[in-house]
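What follows is a set of notes on a single structure, which appears directly below.
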Amino acid sequence: MAGLIHPVTIAGGGLAGLSLGIALLRRGACVTLHEAGQYPRHRVCGEFISGVTEKTLANLGIAECLDDAIHLETSCWFDAAGRLSSVPVRGMGISRWVLDHRLEAEFVRSGGILKTGSRIPPGEGVVWAAGRVRTEGKWIGVKCHVRDIRLAADLEMHIGTNGYAGLARIENGMVNVCGLFRRQKGIGGREALFQCLRAGGLTSLADRISRARPDPDSFCAVAGFETGRQAGPPCSVGDAANMIPPFTGNGMTMAFESAESAMPALLEYAAGKAGWNPVCKEVRHAQSRRFASRMRTACLLHSVILRWPGVLSTLARRGWIPSGFFLDRLRR
Ligand SMILES: Cc1cc2nc3c(=O)[nH]c(=O)nc-3n(C[C@H](O)[C@H](O)[C@H](O)COP(=O)(O)OP(=O)(O)OC[C@H]3O[C@@H](n4cnc5c(N)ncnc54)[C@H](O)[C@@H]3O)c2cc1C
């Protein structure tokens, strides 16, 4: 696009910020991205990407970054008493260590100005891609990478009385273990993952993980957030706008899709054809159109899983959960 006169500033170099930056750069915009942390690094994430289309990846110019992601096709659900059901899935496994680092390199290669270790506040002209909004939220997210662990399927999901954990195949024969649990006093530090699993009755899973070879450097945890609509600043994308419950495996897809949805309005701004306030409004509307329905379904299912895990187990054991229907609803 010729004559892009307004530079675009992005706060946050996770998936939404980097993919948006790459897409804008490829269309001739001048982009500066501030990322509070450094690359590469481990992040609390299930590392299971589901629902993103090739078209979206190509539109953003990031398809190559996912070229060698592991294809995941089978999943198995468990509770503390054992296996509940097997469900076919369609997704990819890749660590955030690798993915974010590749996107960072692509952003710089495309001509973007990247400032790491730089935290900027919201303001006019700043696209907010800084992730979920900090709250007094009741959740803790925990994760680690494990070697030498055998899975019953490409993806295992384990439902506890205090939350859930997923195990997904990623690169180099490793498995990512990640869970979302209710916060409890006394849980924290490097043992947080095992403490959460045991507190939720998933003792045999905790034992299985500690018997395998967890990578000590990959343990990480985050707390203080709520899922659902986020109270991010006016021009927010990714988790800063909507955080879909993690069990859906759709958060990373939504980060990419929200970048894609925000792009046309931001290009108008970069071209000097639209002011900042109408652009913020259009970015918000575009995301609302794309995500409102799946957010409603995901938040409803999330409450069922967490409030009535016993009911879910009974229905799943009897094969009474229409998983194909829900998977479809969680993707559109
Ligand atoms: C427990 C758990 C499990 C999950 N599992 C999955 C899964 O299996 N599949 C899936 O698709 N999704 C999953 N998700 C969700 C997924 O991780 C997010 O949806 C995704 O990371 C959102 O990307 P983002 O770019 O919006 O935010 P983030 O990836 O959080 O990136 C935000 C970035 O902004 C930076 N930042 C923050 N403040 C500032 C500032 N002021 N200035 C500059 N930089 C700043 C941060 O350092 C960070 O790098 C999971 C989430 C959790 C919590």
Quiz item: Taking strands (runs of 3 or more DSSP E) that fall entirely within region 162-274, which contain at least 2 residues that are more than 10 Å from the ligand (Cβ to nearest atom) and within 21 Å of Gly82 (Cβ to Cβ)?
Solution: 175-182
Quiz item: Consider Arg102 against the criteria (1) closer than 14 Å to Gly166 by Cα; (2) in contact with a Cys (Cβ under 7 Å, 6 or more places away or on another chain): it satisfies all of them except one. Which criterion is unmet?
Solution: (1)
Quiz item: Can you tell me which of Leu327, Leu315 is out of contact with any Phe, Trp or Tyr (no Cβ under 7 Å at 6 or more places or on another chain), at pLDDT below 80 and aliphatic (A, V, I, L, M)?
Solution: Leu327
Exercise. Looking for whichever is among the small types (Gly, Ala, Ser) and more than 20 Å from Thr9 (Cβ to Cβ) here; the options are Ala270, Ala298, Ala262, Ala274. Which one fits?
Key: Ala298
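Okay, residues lined up against (1) closer than 21 Å to Lys55 by Cα; (2) crowded, with 21+ Cβ neighbours inside 10 Å; (3) more than 14 Å from the chain's Cα centre (by Cα):
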{"position": "Asp217", "(1), (2), (3)": "no, no, yes"}
{"position": "Val222", "(1), (2), (3)": "no, no, no"}
{"position": "Pro234", "(1), (2), (3)": "no, no, yes"}
{"position": "Ala270", "(1), (2), (3)": "no, yes, yes"}
{"position": "Ala274", "(1), (2), (3)": "no, no, yes"}
{"position": "Pro278", "(1), (2), (3)": "no, no, yes"}
Quiz item: Could you give every pair whose Cβ atoms fall below 6 Å, whose first residue belongs to region 126-147 and is in contact (Cβ under 8 Å) with a residue 60 or more places away in the chain and over 30 Å from Met174 (Cα atoms), and whose second residue is more than 8 Å from the ligand (Cβ to nearest atom) and assigned to a strand (DSSP E or B), counting only separations of at least 6 or pairs across chains?
Solution: Val126/Thr9; Val127/Ile10; Trp128/Ser236
Quiz prompt | region 48-70 - residue that is touching a strand residue (DSSP E or B) at 6+ places or on another chain (Cβ under 9 Å) and farther than 14 Å from Leu103 by Cβ and, of those, surrounded by the most Cβ atoms within 10 Å (Cβ to Cβ) | solution = Phe48
Quiz item: Any chance region 140-152 includes a residue that's among the basic types (Lys, Arg) and over 22 Å from the mean Cα position of the chain (by Cα)?
Solution: yes
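Filtering region 124-159 down to residues that are of a type in the set (D, E, K, R) and assigned to a strand (DSSP E or B), which residue is nearest to Ile187 (Cα to Cα)?
So the first thing to find is which residues in region 124-159 are of a type in the set (D, E, K, R), and the list is 124, 132, 134, 136, 138, 143, 147-148, 150, 154, 156.
Now drop any that are not assigned to a strand (DSSP E or B), which leaves 143, 147, 156.
Numbers: Lys143: 14, Arg147: 24, Glu156: 24 Å.
The qualifying residue nearest to Ile187 (Cα to Cα) is Lys143.
Check Arg284, Arg289, Arg296 and return the single one that is within 30 Å of Gly123 (Cα to Cα), out of contact with any helix residue (DSSP H, G or I) (no Cβ under 7 Å at 6 or more places or on another chain), modelled with pLDDT of 85 or more and surrounded by 14 or more Cβ atoms within 10 Å (Cβ to Cβ). Give the steps one after another, and end with the answer.
Values: Arg289 fails: surrounded by 14 or more Cβ atoms within 10 Å (Cβ to Cβ); Arg296 fails: surrounded by 14 or more Cβ atoms within 10 Å (Cβ to Cβ).
When all the criteria are applied, what remains is Arg284.
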Quiz item: Is there a residue being among the polar types (S, T, N, Q), touching a residue at least 12 places away in the same chain (Cβ under 8 Å) and in contact with a Lys or Arg (Cβ under 7 Å, 6 or more places away or on another chain) anywhere in region 312-319?
Solution: no
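If we only count strands (runs of 3 or more DSSP E) wholly inside region 21-114, which ones have 2 or more residues that are within 16 Å of the ligand (Cβ to nearest atom), of a type outside the set (Gly, Ala, Ser) and within 18 Å of the chain's Cα centre (by Cα)?
48-50, 70-79, 82-93
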Quiz item: Going by the conditions given, is Ala262 more than 18 Å from His145 (Cβ to Cβ), among the hydrophobic types (A, V, I, L, M, F, W, C) and buried (at least 19 other Cβ atoms within 10 Å of the Cβ)?
Solution: yes
Quiz item: Based on what the data block shows, is Ser118 at negative phi, in contact (Cβ under 8 Å) with a residue 60 or more places away in the chain, in a loop (DSSP other than H, G, I, E, B) and touching a strand residue (DSSP E or B) at 6+ places or on another chain (Cβ under 6 Å)?
Solution: yes
Quiz item: Counting only residues that are near the ligand (Cβ under 9 Å from one of its atoms) and closer than 22 Å to Leu301 by Cα, how many does region 115-142 have?
Solution: 5
Quiz item: Just a yes or no: is a residue in region 103-116 within 17 Å of Val44 (Cα to Cα) and at pLDDT 95 or above?
Solution: no
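The values are calculated or read from the model by the stated rules, or taken from the named source; none is laboratory data. Keep in mind that this is a model prediction, so the values were computed, not measured. Note: ideal-geometry Cβ built from the backbone for every residue, glycine included; neighbour counts use all protein chains shown.
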